[in-house]
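The values are calculated or read from the model by the stated rules, or taken from the named source; none is laboratory data. Owing to the predicted nature of the structure, the values given are computational and were not obtained by experimental measurement. Cβ coordinates were reconstructed from backbone atoms using ideal geometry, including for glycine residues, and neighbour counts include every protein chain displayed. These area figures cover heavy atoms from the full protein model, side chains too; ligands, DNA and RNA do not enter into them. Shrake-Rupley method; radii C 1.70, N 1.55, O 1.52, S 1.80 Å.
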Amino acid sequence: MADQSAARPKWIPVYEHRAFESQGKEHTSKWSTEIFSEGPAVSKEEFVAKVTNELAYAPSLGGPYLSASGAAIDDDTLVGKLFDLLAGDKEKLTKHRMSTRMKEIAGIEEEALTWPTFLSALEEA
């Protein structure tokens, strides 16, 4: 994987943590630390609350540009749909399951979920 360093993120990484030994770098995904800050699994209600209220917004290069104030989530219906897409028929979503499902959606060889792939998966769900 090419160096993806940038001032703004270009993707949603599908991994929890990665070490890029040849570059002397490592990265822990924001979703794995902010959504799962209190344990290895969250309910749908907890997921929606974490994403809408606690996950810090960072504008990306890959999707439509939104300012922080314009990115507020007023209707959490889509966040609930995202939980259903990731958790399937489970009542709780684990870090491992989230990583696995995002990797399936992104494509098995991909390290990240791009905006078009992310949007397409939500539209199909």
State all residues of the stretch 78-97 that are open to solvent by less than 10 Å² (accessible area, probe 1.4 Å) and of a type outside the set (Gly, Ala, Ser); if no residue qualifies, say none. 83, 86, 93
Are any residues in the stretch 93-112 charged (D, E, K, R) and touching a residue at least 12 places away in the same chain (Cβ under 8 Å), and if so, which ones? 95, 101, 103, 110, 111
Does the stretch 76-92 include one or more residues that are under 15 Å from the mean Cα position of the chain (by Cα) and in contact (Cβ under 8 Å) with a residue 60 or more places away in the chain? no
Reported set for the stretch 102-125 where residues are under 13 Å from residue 15 (Cβ atoms) and surrounded by 19 or more Cβ atoms within 10 Å (Cβ to Cβ) is 102, 106, 112, 113
Cβ-Cβ below 9 Å, separation at least six or inter-chain, first residue in the stretch 12-30 and among the basic types (Lys, Arg), second assigned to a strand (DSSP E or B) and open to solvent by 80 Å² or more (accessible area, probe 1.4 Å): which pairs? 18/25; 18/26
Within the stretch 69-77, is even one residue surrounded by 14 or more Cβ atoms within 10 Å (Cβ to Cβ) and closer than 15 Å to residue 12 by Cβ? no
